[in-house]
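Reading through the structure tokens given below for one structure.
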Amino acid sequence: MTNLTLKLAENARSAGVKSVYGDPIDLDGVTVIPVALAYYGFGGGGEGGDQPEDNQAGGGGGGGLSIPLGAYVRDREGVRFHPNIVSLLAVAIPFVWVAGRSWARVIRALKK
């Protein structure tokens, strides 16, 4: 289990920027660099006794998530960030709903 933990830690250390910024892509003089929000995690555990003949059990798991945020575009006009509208809406709609509900409750409480 220790070797697996060390291997995962080594891979996680080198994954940082590579998992957030994609490789630059050149298209007809325009360079596009994709950008994403990346999250990953791993865990493990085990149970065992002090003696080698004791039954030992263990387990582990991991997972990750990547959300495309947009892309940096470099052309003759300069460098700009183009957001992914679908991801922006997926984040903005729940945020606006929660903010609206919160403000409604605050206003209702202040009226009393």
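Every read-out reported here was derived from the displayed coordinates using simple, explicitly stated rules and does not represent laboratory data. Keep in mind that this is a model prediction, so the values were computed, not measured.
The stretch between Tyr40 and Leu27, if pulled fully straight at 0.36 nm per residue, gains 1.6 nm over its current Cα-Cα span.
The length gained on full extension between Val91 and Val106, counted as 0.36 nm times the residue separation minus their Cα-Cα distance, comes to 3.1 nm.
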